[in-house]
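Novice: Questions regarding the structure given below will be posed in turn.
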Amino acid sequence: MVSILPYASSCQLLIFNLKESFGSEVIKNAADKSSVQQMLYAIGALQAVENLENVSRIGSQQQQSSGENPRPILVKFMAEKDQAEVLTNSSKLKNFPEWKNVAFEAYRTLPLDPEKEAMRKRLEELEVLRL
């Protein structure tokens, strides 16, 4: 019997519609991190700013995407509570004209099916025994 499991919690967050910067990769990455930090301060997610681990764009940049269709940003925090703090306060973004179209979304991954994981481990054990 296959059970439907809920999504696993995550310390990650997706940000959509944040304009991309120009310049080298180092400059663009620094600009993205700075923009994310500014947004988090603006909505009052102060603990999340302190626990920010990584900020990176997803996918490769297209020439026209810089202004028209920016790539999403994947933000990683140290704890799940940071993600929750940002999502709770995200409605405050509408008060800032430069971020009125920016959206936050929880990044969640499906957990491994316990039955499949047990079978995978058993298969690995059998492979070791066969050697």
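The values are calculated or read from the model by the stated rules, or taken from the named source; none is laboratory data. The structure displayed is predicted, hence computed values, not measured ones. Heads up, the Cβs are rebuilt from the backbone with ideal geometry, glycines too, and the neighbour counts pull from every protein chain shown.
Novice: Which pairs do you get when a residue that is more than 19 Å from E98 (Cα to Cα) and touching a residue at least 24 places away in the same chain (Cβ under 8 Å), found in segment 36-55, comes within reach of a residue that is among the acidic types (D, E) and surrounded by 16 or more Cβ atoms within 10 Å (Cβ to Cβ), reach meaning Cβ atoms under 7 angstrom, with the pair 6+ apart or on two chains?
Specialist: Here the result reads Q47/D82; Q47/E85; A48/D82; A48/E85; N51/D82; V55/D32, each pair linking segment 36-55 to a residue that is among the acidic types (D, E) and surrounded by 16 or more Cβ atoms within 10 Å (Cβ to Cβ).
Novice: Another question about this same structure. So, in segment 89-108, of the ones that are surrounded by 13 or more Cβ atoms within 10 Å (Cβ to Cβ) and assigned to a helix (DSSP H, G or I), which residue ends up nearest to the chain's Cα centre (by Cα)?
Specialist: S90
Novice: In segment 58-76, how many residues are under 17 Å from N101 (Cα atoms) and either more than 17 Å from the chain's Cα centre (by Cα) or not hydrophobic (A, V, I, L, M, F, W, C) (or both)?
Specialist: Count: 8.
Novice: All but one of (1) aliphatic (A, V, I, L, M); (2) at pLDDT below 95; (3) surrounded by 10 or more Cβ atoms within 10 Å (Cβ to Cβ) hold for I43, so report the exception by its number.
Specialist: Every listed condition holds for I43 apart from (2).
Novice: Something else: Go over the candidates L129, L112 one by one and state the one that is at pLDDT below 90, loosely packed, with under 12 Cβ neighbours inside 10 Å and of a type in the set (A, V, I, L, M, F, W, C). I'd like the intermediate steps shown before the answer.
Specialist: Working: L112 fails: loosely packed, with under 12 Cβ neighbours inside 10 Å.
The unique qualifying residue is L129.
Novice: Taking interchain pairs and intrachain pairs at least six residues apart, which have beta carbon atoms under 9 angstrom, with the first residue in segment 77-91 and more than 13 Å from Y107 (Cα to Cα) and the second modelled with pLDDT of 90 or more and loosely packed, with under 13 Cβ neighbours inside 10 Å?
Specialist: M78/E50; M78/E53; E85/L46
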